[in-house]
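Step one of this worksheet: look at the structure below.
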Amino acid sequence: MKNETKPMYGGQAVVEGVMFAGKAHSVTAIRRKDRSIEYFRLPRQTNPTLAFLKKIPFIRGIVAMIEASANGAKHLQFASERYELDENEEAPQETKTKPSKLSLVLGVAVVGVLSFLFAKTIFTLVPVFLAASLKPLFPTKMAQIFVEGIFKLVLLLAYIYFISLTPIIKRVFQYHGAEHKVINAFEAGLPLTVENVQRSSRLHYRCGSSFILFTVIVGVFVYMFVPTDPLWLRVVNRLALIPVVLGISFEVLQFTNKLRDIPVLRWLGYPGLWLQLLTTKEPTDDQVEVAIASFQELLRLEENVESETKAVQ
């Protein structure tokens, strides 16, 4: 079966598991401390307004991100709560108190709240001020924008690298790799066995990591059309243009995904794939098993909906 005939599924890694989303459902499977696999199933609500907006180029990307964040938060909460329960079960009785949540927050929130603050504030503004401080060396508008982009890229890579050193985030990145492997095996038409999935790549063109990198590249080109002086105006337009950069970056991501099977042109998506070498890690067979279970449960639910729809028609 060719790739284009297959529906496109998305997903994300959660604490000790993987979430996959289809047209009608999203499913998370997590590994509990007793080695069992627990599922969280969530029907996807259809909103006519959002469905309409997701058909409009340059707007659909922002809408999709908001929707995915809202849906993903519920799955993250489920996984985080189960993780905390398992951790508390192994802790001494006197330590089974609410403060144990701190370790979980420091791990998961790094990818959630802190990543949002970093991306929207530090990641946007710090490169501006760093580039401006080097204006005597790089006085032209073109040079300033280029230097700003370099600083943004360095901060991005450093941020991802350092959070990947924490044990909990390293495991999340392993599940991220397992998620990609399952999708790649499915799109290649392979039976979803641990062996087949492990042989598949942990990198994927549609990954959100690629999207983040494209925002840096796209931003360089977008900023060419707005002034860099005075500094206060530069700060204002950088913040104001965040939705524009996000919208264009989403379209670039979709475009590179369509070209991934075309020789020569597939290299357009390589920068995003290179970034995934940091945001994904090779998973264990145990983690792949969880990812497969999550995806197969999603397929089962999606097939049920399709069968019910056909029966009604």
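The values are calculated or read from the model by the stated rules, or taken from the named source; none is laboratory data. The model shown is predicted, which means the values in this text are computed figures rather than measured ones. Note that we place each Cβ from the backbone using ideal geometry, even for glycine, and neighbour counts take in every protein chain shown.
If you take the residues in the range 40-85 that are within 16 Å of Ala13 (Cβ to Cβ) and surrounded by fewer than 15 Cβ atoms within 10 Å (Cβ to Cβ), which one is nearest to the chain's Cα centre (by Cα)?
Ser69
Please specify each residue of the range 267-280 satisfying the condition of being surrounded by 15 or more Cβ atoms within 10 Å (Cβ to Cβ) and not in a loop (DSSP other than H, G, I, E, B).
Across the range 267-280, the qualifying residues are Leu268, Gly269, Pro271, Gly272, Leu273, Leu275, Gln276, Leu278, Thr279.
Give me the helices (runs of 4 or more DSSP H) completely within the range 123-195, filtered to those with at least 3 residues that are of a type outside the set (A, V, I, L, M, F, W, C) and within 20 Å of Leu277 (Cα to Cα), ordered by residue number.
141-163, 167-187
Output the residue which, of all residues in the range 218-231 that are assigned to a helix (DSSP H, G or I) and either hydroxyl-bearing (Ser, Thr, Tyr) or free of Cβ contacts under 8 Å to residues at least 12 places away in the same chain (or both), is farthest from Phe173 (Cα to Cα).
The selected residue is Phe225.
So, in the range 232-266, of the ones that are part of a loop (DSSP other than H, G, I, E, B) and of a type in the set (D, E, K, R), which residue ends up nearest to Val147 (Cα to Cα)?
Residue satisfying both the conditions and the ranking: Arg260.
Yes or no: Gln287 surrounded by 19 or more Cβ atoms within 10 Å (Cβ to Cβ), of a type in the set (S, T, N, Q), touching a residue at least 12 places away in the same chain (Cβ under 8 Å) and outside any loop (DSSP other than H, G, I, E, B)?
Yes; evaluated as a whole, the condition is true for this residue.
Scan (1) surrounded by 20 or more Cβ atoms within 10 Å (Cβ to Cβ); (2) of a type in the set (D, E, K, R); (3) at pLDDT below 90 for the single condition Lys120 breaks and write down its number.
Single failed check for Lys120: (1).
Return the only residue of Thr256, Thr215 being within 23 Å of Ile62 (Cβ to Cβ) and either free of Cβ contacts under 8 Å to residues at least 40 places away in the same chain or loosely packed, with under 15 Cβ neighbours inside 10 Å (or both).
Just one listed residue meets the conditions, Thr215.
Among residues belonging to the range 244-283 that are charged (D, E, K, R) and more than 17 Å from the chain's Cα centre (by Cα), point out the one that is modelled with the highest pLDDT.
Only one residue tops the list, namely Lys258.
Residues checked against (1) in contact with a Leu (Cβ under 7 Å, 6 or more places away or on another chain); (2) closer than 30 Å to Lys141 by Cα:
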{"site": "Glu195", "(1), (2)": "no, no"}
{"site": "Gly219", "(1), (2)": "no, yes"}
{"site": "Val222", "(1), (2)": "yes, yes"}
{"site": "Leu241", "(1), (2)": "no, yes"}
{"site": "Val245", "(1), (2)": "no, yes"}
{"site": "Pro271", "(1), (2)": "yes, yes"}
{"site": "Gln287", "(1), (2)": "no, no"}
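When you go through Arg238, Arg202, Arg234, Arg206 one by one, which is the residue that is touching a residue at least 24 places away in the same chain (Cβ under 8 Å) and in contact with a strand residue (DSSP E or B) (Cβ under 9 Å, 6 or more places away or on another chain)?
Sole residue among the options that is touching a residue at least 24 places away in the same chain (Cβ under 8 Å) and in contact with a strand residue (DSSP E or B) (Cβ under 9 Å, 6 or more places away or on another chain): Arg206.
For residues in the range 156-185 being out of contact with any Leu (no Cβ under 9 Å at 6 or more places or on another chain) and more than 30 Å from Glu297 (Cα to Cα), which is surrounded by the most Cβ atoms within 10 Å (Cβ to Cβ)?
Restricting to residues being out of contact with any Leu (no Cβ under 9 Å at 6 or more places or on another chain) and more than 30 Å from Glu297 (Cα to Cα), the top hit is Tyr159.
Please specify each residue of the range 218-243 satisfying the condition of being at pLDDT 90 or above, surrounded by 15 or more Cβ atoms within 10 Å (Cβ to Cβ) and aliphatic (A, V, I, L, M).
Val218, Val220, Val222, Val226, Val235, Leu241
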